[in-house]
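A short worksheet on the structure shown next.
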Amino acid sequence: MQNLEIYNPQEYIKSGNTRSRCIQEILDIHGGFMSWEGVKNVLEIGCGIGDVTEPCFLPLLPRDFERYVCSDVSLGVLEAAKTRFHGLEHIEFLQLNIEVPIDNGLVSKFDRILSTFCFQYVKNQKQALANVFNALLPGGDCWIVMVTTGATFETLFLLAETSKWKNKLRNIHDILVFPYRNIPEPEKTAENLLKSIGFSDISVNLYDFSPKYETAKHFRGNLESFPNFFDLSTDDRNLLLDDQVDVGKDLNVIKEFYDPEKPVFHPISEILVIYAKKP
């Protein structure tokens, strides 16, 4: 997993409404079967600033839950989450890199593990999912949501193939891992991996989430909420954002510049939703 200390909480919050709205939609469609009764200990992997945690997950907790652990690899966003949840009881915070074997103190501790928009950056999916399995109590379950592809990221992948940006974005596939992006049957691939680790009651679904980018300014604002992945200078970063907006126009995903004669890039955002249980 790349160094996510480059996340700026103040920039990250700009796209918070989009993330929380997306997760709420997915919960409504793919999460209703999960019972929260008896769920005492929860771990969230990649909590960020808590902008999904607060509106989407905390209201679902039973009154007698014992602890909710917010974890993230980035200390910067974890500190922002601490500030957000200051004074709330039974909320804990943990710096955690899910790509390396977990500490023994986390083994068999949680009834439920949640993760949204984190596993798309994880190259070692097997180790990360094995960590989830090991951290769950017998009978515990996990609910993991990750992007497989999307217009905002595709702008970078497309620009990385141009002579202008090829060198400066040369390590794009190490940073924007997206392990299921070019796999014909991502659901089957994920299901087989989960089975090999030992999970049961597996459900894997692809979800087509199509955020509406009304204007170029709105589209650029969403792009700005992501970190400076490639450690560009301020000038280069602004040039890249300008070019990403131009690509967004070409992909026909910005309503302000919508061309009915051109196809719209599809899917604007495709998301893999995983549910699995530890026997």
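The values are calculated or read from the model by the stated rules, or taken from the named source; none is laboratory data. These figures come from a predicted structure and were not determined experimentally. Using ideal geometry, Cβ is built from the backbone for each residue, glycine included, and neighbour counts are taken over all protein chains shown. The protein model used for the area step is the full one, side chains on, heavy atoms only, and it has no ligands, DNA or RNA in it. Shrake-Rupley method; radii C 1.70, N 1.55, O 1.52, S 1.80 Å.
Quick look at the values:
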{"quantity": "Distant-in-sequence amide H partners of residue 34 (H built 1.01 Å from N, under 5 Å)", "calculated": "none"}
{"quantity": "Helical contribution to [θ] at 222 nm, DSSP H n ≥ 4, -39,500 (n - 2.57), averaged over the chain, rounded to 500", "calculated": "-9500 deg cm²/dmol"}
{"quantity": "Alpha carbon centroid spacing (whole Å) that separates the range 186-206 from the range 75-124", "calculated": "22"}
{"quantity": "Heavy-atom accessible area per residue - the chain, 1.4 Å, Å²", "calculated": "46"}
{"quantity": "Distance in nm between pseudo-label sites at residue 79 and residue 137 (7 Å out along the Cβ direction from Cα)", "calculated": "3.4"}
{"quantity": "Cα gyration tensor shape for the range 115-183, rounded if a/c is under 1.5, else prolate or oblate", "calculated": "prolate"}
{"quantity": "Rg(Cα) / (2.2 N^0.38 Å) computed for the range 17-77, rounded to two decimals", "calculated": "1.15"}
{"quantity": "Scattering curve values for the chain, log₁₀ I(q)/I(0), Debye with Cα scatterers, q = 0.12 Å⁻¹", "calculated": "-0.76"}
{"quantity": "Residue 89-residue 126 pseudo-label distance in nm [points 7 Å out on the Cα-to-Cβ vector]", "calculated": "4.5"}
{"quantity": "Point-charge dipole on Cβ atoms (K/R +1, D/E -1) for the chain, about Cα centre, debye to 20", "calculated": "320"}
{"quantity": "Stretchable slack from residue 34 to residue 250, in nm (0.36 nm times residue separation minus alpha-carbon distance)", "calculated": "73.7 nm"}
{"quantity": "Portion, in percent, of the accessible area of the chain that falls on carbon or sulfur, probe 1.4 Å", "calculated": "49"}
{"quantity": "Stretch gain in nm, segment residue 242-residue 202, where the contour uses 0.36 nm per residue and the Cα spacing is subtracted", "calculated": "10.2 nm"}
{"quantity": "Virtual spin-label span in nm between residue 61 and residue 182, 7 Å along Cα→Cβ", "calculated": "4.2"}
{"quantity": "Whole-number D in µm² s⁻¹ for the range 92-220, Kirkwood Cα-pair radius fed into Stokes-Einstein, 25 °C, 0.890 mPa s", "calculated": "146"}
